[in-house]
Every structure is written in C-alpha cells, then in structure tokens.
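Below you'll find the structure, written out as structure tokens, and then a few comments.
The values are calculated or read from the model by the stated rules, or taken from the named source; none is laboratory data. No experiment lies behind these values; they were computed from the predicted model shown. Note that we place each Cβ from the backbone using ideal geometry, even for glycine, and neighbour counts take in every protein chain shown. With ligands, DNA and RNA removed, areas are computed over all heavy atoms of the protein, side chains included. Shrake-Rupley method; radii C 1.70, N 1.55, O 1.52, S 1.80 Å.
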Amino acid sequence: MNPDKNNLNNYIYVGTSLFALAILDVFLSSFFQINITSFLPSFLSFIFPLIVGLLGLHLIRIEFSGIKKLDLINKNINTNTFNALLTLVIIFIIIKSIPPIMSWFIVDANISGDTKEACTGSGACWTYIKIWMRRFVYGMYPNELQWRINISFILLVALAFVGYIPSEKFKKFLTLYYVVIYPIIAFILIYYLISGGAFGLEWVETGAWGGLSLTFIVSFFCLIFCFPVGMFLALGRRSQLPTLKYISIGFIEFWRGVPLITVLFMSSVMFPMFLPEDFFMDKLVRVIIAISLFEAAYVAEVIRGGLQALPKGQYDAAKSLGMGYWKMHIFVILPQALKLVIPGIANTFLALVKDTPLIFVVGLLEIVGMLNLAKTNPKWLGFAMEGYVFAAIIFWIICYAMSKYSYNLELKYKTER
Amino acid sequence: MSDPIIKIEGMNKWFGDFQVLKDVNLSVEKNKKIVVCGPSGSGKSTLIRCINRLEEHQKGSIIVDGTELSENTKDIEKIRAEVGMVFQQFNLFPHLSILDNCTLAPIWVKKMPKKEAEELAMKQLKQVQIADQANKFPGQLSGGQQQRCAIARALCMEPKIMLFDEPTSALDPEMIKEVLDAMVNLAKAGMTMIVVTHEMGFAKEVADEVIFMDEGMIVEKAETKEFFANPKSDRTKLFLSQIL
C-alpha cells in the first residue's frame with residue numbers, strides 16, 4: 001500500500017494525522033505528564049509515538065507529489081524508514097528535553113532575595129550569580145574604583161572602531177595604528193587607569209584584578225602580542241639563513257611541546273629565580289608574556305601553512321619586479337597568506353581565550369577562578385552548577401562573537417584566484 | 001651597440017646531481033630579439049630564470065648590463081628591476097586590482113609618486129589594450145587578458161630587457177594571438193627580448209636569432225632565416241619537422 005498520484009490526498013491526510021498524533025503524545029507526556037496511551041501495556045505505550053509516527057511518515061512518502069513543501073520534507077528527512085526513524089527520535093528528544101531545561105533555567109529558578117535561603121525552588125539559584133556578579137566581573141577590585149575598569153574598556157572599544165572612519169587620509173596609517181599605536185594606547189590606558197598609582201588614582205595591585213575583566217585583559221594582550229611574534233617565527237622558520245631558521249624551529253618546537261599549565265607555573269615560580277634580586281616584574285605581565293609566547297608557536301605554524309600554500313610563482317613574480325625580501329612579504333606574500341589562514345588563526349585565538357582560566361595556577365583569578373572561589377564560600381555552598389553554566393554561557397558568547405567576526409573577515413577578504 | 005647587454009660564459013647549473021645547463025655561452029646585444037626553443041626539459045626556462053637570478057648558477061659567469069651575477073651581488077634587486085619577466089602562469093597578484101598590480105613595484109621599488117605610477121600604468125595597459133579592465137581583479141579576467149596585464153606590469157618598471165617564459169603555453173588557442181600581438185608591438189618598439197616559446201610563427205616574424213636547446217646545451221644558434229631554412233644539426237631538423 002503505497003501512495004501514488006490518485007490517492008495522494010487521502011494518504012496525506014491520514015499520514016499527517018498519524019504524525020501529528022505521535023508528536024502530540026510526546027508533547028503531552030513531557031509538558032503535562034498526561035499519557036494518552038495509558039490503556040496500553042507500558043512498553044507499547046512507550047514506543048507508541050514511534051510506531052504511529054513511522055506509519056504516518058511512511059504514508060506520506062512519495063517521490064514526487066507536486067506539492068513543494070511535502071517534496072522538501074520527503075527529500076530531506078523522510079527518504080526511507082531509517083531516516084524517518086532518526087528524524088522522529090531527534091524530534092522526540094528535543095520535545096522531551098525542553099521542559100526540564102526550561103524548569104531549571106526559568107520556571108523553578110529563583111532570582112529574588114540576596115541570601116542562599118531565598119533559593120527555595122528546585123531550579124537554578126540565579127540569586128547566587130546576582131549577588132556575586134560584581135566579583136565575577138571585577139574580581140577583588142575595590143567596588144568604589146570599578147568605574148575605572150568600565151571607562152578604560154569603553155575607551156578601548158571606542159578606539160577599536162577608529163578603522164571605520166571613512167577618511168582617505170587616515171587609511172594609509174590604519175595598519176600602523178592597529179599593529180603599533182593601538183596596543184600602546186591600550187597598555188597605557190590599562191596601566192594608568194586600571195592599575196593607577198599616578199594622576200591621583202589609587203594604586204590597585206594586579207593580584208586584586210580578576211573576573212571577566214581580567215579574562216578580557218589577558219586575552220586582549222595575548223592576542224595582540226602572539227600574532228606578530230608568530231608571524232616572525234613563521235617567516236624565520238622558512239628563512240634561508242640557517243641560524244635564524246634553527247632558532248625559530250627550536251623555539252616553536254619547545255613551546256609546542258610543553259603544556260600551558262607548566263609554562264604558567266614556570267613563569268611564576270622558576271622565572272623569578274633567574275632574575276636579579278631587585279628586579280621586579282609583575283605576575284600578570286609574566287603570565288601575559290608566557291601565554292603570548294606559547295600561543296605564538298601555534299600561530300607560527302598556522303601562518304607557515306598559509307605561506308606554503310601560496311604558489312611559487314607569486315614569489316618569482318615579486319622577485320622579478322625587483323622587490324626585496326621585506327617588500328615582497330609585506331605587499332605580496334603576507335596579505336595573501338594571512339587571508340588563507342583566517343580560519344586557522346581564529347581557531348588558535350578561540351583556544352587562547354578558553355585557555356585563560358589556567359592562570360589560576362599562579363593565583364590570578366579570572367571568571368572561572370572567581371567561580372571556584374565563590375563556590376567554596378561557606379555561605380554559598382552548593383551552587384557550582386549555576387556558576388559553571390553562567391561561565392559557559394559567557395565564554396560561548398565571547399567565542400561565538402569571535403568566530404562570527406572571523407567569518408566576516410573571511411568573506412570580506414575573499415579573492416578569486 | 002656592439003657591447004652585449006647580456007653576456008653568459010661557460011655557465012653550468014645543477015639541480016642536485018642533475019646537470020640542467022652545460023657550458024652555455026650566449027651574448028645578447030641591445031635591441032636584439034632572441035627566441036629560445038627546444039623540447040621540454042631542455043633547460044630553456046632555467047636559462048632565462050638564471051638571467052634575473054631566480055635560479056642560481058654554479059659555474060661560469062653571467063653579466064647583465066655590466067654587473068656580474070654572483071652570490072655577492074648585493075644589488076640583485078636593482079638588476080631584477082631592469083629585467084622584466086613574464087611567466088607561463090601569469091603570476092599576477094590576485095589580491096590586487098589590475099592597476100595596483102602594475103603600480104605596486106614602481107611605487108615601492110622605484111619610489112615613484114603614486115600619481116605618476118598610475119599614469120604610467122594606464123599608458124602601459126592601453127598599449128596592451130586592457131585599460132578598461134584596470135579596476136578589476138585578476139580572477140575576473142580571461143587568461144589572455146591576464147597575460148597582457150602581466151606584460152604591462154613588467155613594462156611599468158621600464159626594464160631594459162624583457163624575458164618571456166613560455167608566455168602563451170597556458171592559454172586557449174584563441175587567446176594566444178592577442179598576447180603575441182602585444183609582444184610583436186613591444187618588439188617593434190625596440191625592446192631587447194629573450195623569448196622561450198613554441199610559437200614558430202612569432203619567431204619567424206620578430207626574432208633576430210633563434211636558439212635551439214636540448215639536454216641543457218645550446219645545440220644550434222643562428223639567424224632566424226638561416227635557422228628555419230638550413231638547420232645544421234640533425235636534432236634541430238627533427239625538432240622542426242615535428243613542430244612545424
């Protein structure tokens with residue numbers, strides 16, 4: 001009994017009803033705990049929606065019905081019994097999992113009050129996040145000084161948009177601005193505004209920095225530093241000069257071979273031993289240098305991949321026009337190679353952002369570090385879950401934004417070969 | 001006029017153990033057009049790549065415009081700026097527009113002001129008849145147009161010598177003519193040219209001398225008429241009989 005052109009409508013009506021019945025059964029049982037098939041034995045009652053749904057999908061499976069939507073469904077999710085089964089199972093799992101997730105996140109969750117006792121529901125205790133929000137964002141930075149962090153971040157974001165000023169005059173200097181001037185401004189801003197100690201601003205030691213703002217600061221500087229270092233390493237590894245080449249290879253292989261957590265640990269424990277007594281380098285600075293060098297090794301290998309993907313003819317053409325090594329690389333090779341490796345670089349940068357929680361080993365507490373601190377607070381025991389979900393959402397937002405941005409860059413600089 | 005602009009003496013080149021060029025002697029006078037032909041693998045491309053040192057030779061000497069090419073040549077970029085080269089695969093810079101392809105080297109190598117470089121580029125693009133494509137990107141052009149752009153790009157450096165490495169071999173038959181026309185015009189304008197090509201029609205039309213190479217050696221070198229009318233060596237005769 002297969003559908004054909006003549007009895008198509010009957011089959012569609014019956015098939016769709018059966019399919020709808022299956023969905024309804026699962027929907028009612030998961031949202032309202034009503035089992036409309038309770039008269040059946042429990043096992044049959046359990047697989048009832050699956051059987052009815054499969055039957056329904058079987059009845060509407062016709063290769064070419066002439067109805068656009070139906071054909072689309074049949075082509076994509078209903079080509080044979082196995083595909084229909086998979087489709088049904090996925091739909092059922094989604095329907096089944098919505099109510100518990102919703103109830104944990106919203107329906108049974110609490111956000112009012114400001115003590116642990118306010119959380120009476122069985123769902124998430126967002127009160128905990130609310131109360132600790134300041135700590136999660138600013139770490140141990142004194143409350144009354146937090147405006148300094150806000151202002152410097154707003155300034156940094158605003159300055160990052162300078163590139164959109166549509167002025168021909170400034171266009172020439174944009175690369176210089178982003179590669180050299182912007183990092184310097186960023187450093188000065190963060191040094192004087194967040195750290196303080198000058199212009200009548202109170203000194204706040206880096207040990208007090210923390211939370212999301214520290215995540216941003218560490219990621220920001222590491223991204224900025226690791227990229228140029230990685231680029232030079234990549235060029236160095238392909239250099240004709242043996243000394244430069246082997247130094248680059250040695251450097252890359254060393255940093256790639258060591259776990260980041262070891263690097264961080266060494267930077268804070270071992271490194272100061274080799275320094276003269278009166279020489280002081282801030283822990284945060286050491287960490288940023290360590291992560292930058294570590295990630296630079298990865299960036300270098302990604303960029304090397306791009307350099308090797310370019311046809312040799314591009315080098316020949318640039319050389320034959322009388323360009324020297326640097327001119328050739330700046331105007332011909334790197335613009336093309338970097339374009340090719342945007343996805344790879346984005347990959348490395350995402351990994352970098354997600355590696356920042358590791359700085360807890362040297363006692364710096366960014367957002368995950370603050371969560372770990374908060375969950376061991378005696379007044380707020382037992383809310384680890386909320387904390388980690390919160391951190392996961394924050395990291396997801398950051399990383400998804402970066403990923404989208406890199407995809408846009410890719411489209412923007414796409415060239416035909 | 002008698003002083004050769006390119007003088008190659010006893011030049012040998014190896015790729016590893018394999019000897020690509022054996023005792024090559026060649027001198028090219030100013031404004032002369034030389035066509036180099038021969039079977040593939042005979043070292044023609046390597047020979048002209050040695051002239052602007054895209055390949056290094058191991059023995060013998062190459063003197064280009066009074067400067068000997070060697071490892072110690074510090075101003076190799078200066079020599080290359082005087083020697084234009086056109087490749088089989090065009091090798092345009094795909095991330096730059098046609099106009100930028102042409103102005104890049106004049107602006108950054110010769111330090112020419114941007115406006116002047118653009119005027120020069122437009123003049124050269126007009127010469128090869130693709131001035132209307134100036135703002136497109138290489139990927140949007142046909143093979144023939146790309147190759148003509150490559151010629152214009154090389155000419156924008158105002159070179160004294162032009163090298164062509166099988167400029168028409170990667171082109172569809174109907175596009176070969178437009179590139180050859182551009183090269184003929186260039187030849188008529190008095191440029192010194194060394195052309196590696198299988199286009200014997202082109203050789204007959206513009207070449208002063210034809211060189212036949214096989215297995216890394218110059219087998220025969222003769223004036224164009226002489227070369228086609230009375231080839232001396234058997235190898236040349238065989239080659240000509242196959243290609244004509």
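Data table
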read-out: Qualifying residue in segment A:310-324 (condition: under 28 Å from B:LYS74 (Cβ atoms) and in contact (Cβ under 8 Å) with a residue 40 or more places away in the chain); value: no
read-out: Count - residues of segment A:1-27 that are without any contact (Cβ under 8 Å) to a residue 40 or more places away in the chain, open to solvent by less than 80 Å² (accessible area, probe 1.4 Å) and more than 14 Å from A:ILE91 (Cα to Cα); value: 2
read-out: Failed criterion for B:GLU29 (all others in (1) open to solvent by 10 Å² or more (accessible area, probe 1.4 Å); (2) more than 13 Å from the chain's Cα centre (by Cα); (3) within 13 Å of chain A (Cβ to nearest Cβ) hold); value: (3)
read-out: Failed condition for B:MET157, given (1) open to solvent by less than 20 Å² (accessible area, probe 1.4 Å); (2) of a type in the set (A, V, I, L, M, F, W, C); (3) outside any loop (DSSP other than H, G, I, E, B); value: (3)
read-out: Test: residue in segment B:224-232 that is within 25 Å of B:LYS22 (Cβ to Cβ), open to solvent by 70 Å² or more (accessible area, probe 1.4 Å) and touching a residue at least 12 places away in the same chain (Cβ under 8 Å); value: yes
read-out: Residues located in segment A:41-68, provided they are within 11 Å of A:ALA22 (Cα to Cα) and either in contact with a helix residue (DSSP H, G or I) (Cβ under 7 Å, 6 or more places away or on another chain) or not assigned by TED's automatic domain parsing to the domain that holds A:VAL89 (or both); value: A:PHE48, A:PRO49, A:LEU50, A:VAL52, A:GLY53, A:LEU54, A:LEU55, A:GLY56, A:LEU57
read-out: Residue in segment A:328-339 that is farthest from the other protein chains (Cβ to nearest Cβ), counting only those that are without any contact (Cβ under 8 Å) to a residue 24 or more places away in the chain and surrounded by fewer than 18 Cβ atoms within 10 Å (Cβ to Cβ); value: A:ILE330
read-out: Condition broken by A:ALA392, with the remaining ones in (1) in contact (Cβ under 8 Å) with a residue 24 or more places away in the chain; (2) surrounded by fewer than 17 Cβ atoms within 10 Å (Cβ to Cβ); (3) of a type outside the set (Phe, Trp, Tyr) satisfied; value: (1)
read-out: A:SER239 of a type in the set (Gly, Ala, Ser), in a helix (DSSP H, G or I) and surrounded by 14 or more Cβ atoms within 10 Å (Cβ to Cβ); value: no
read-out: Sole residue being part of a helix (DSSP H, G or I) and loosely packed, with under 13 Cβ neighbours inside 10 Å, chosen from A:ARG286, A:ARG256; value: A:ARG256
read-out: So A:VAL137, is it in contact with a helix residue (DSSP H, G or I) (Cβ under 7 Å, 6 or more places away or on another chain) and at negative phi; value: yes
read-out: Tally of residues being open to solvent by 60 Å² or more (accessible area, probe 1.4 Å), within 12 Å of another protein chain (Cβ to nearest Cβ) and in a loop (DSSP other than H, G, I, E, B) across segment B:102-148; value: 4
read-out: Number of the condition not met by A:ILE342 [criteria: (1) under 29 Å from A:TYR400 (Cα atoms); (2) more than 14 Å from chain B (Cβ to nearest Cβ); (3) touching a Ser or Thr at 6+ places or on another chain (Cβ under 8 Å)]; value: (2)
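To keep it simple, each residue is scored yes or no on (1) farther than 28 Å from A:LEU365 by Cα; (2) over 26 Å from the mean Cα position of the chain (by Cα); (3) open to solvent by less than 30 Å² (accessible area, probe 1.4 Å).
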| position | (1), (2), (3) |
| --- | --- |
| A:ILE98 | yes, no, no |
| A:PHE105 | no, no, no |
| A:ILE111 | no, yes, no |
| A:ILE131 | no, no, no |
| A:ARG134 | no, no, no |
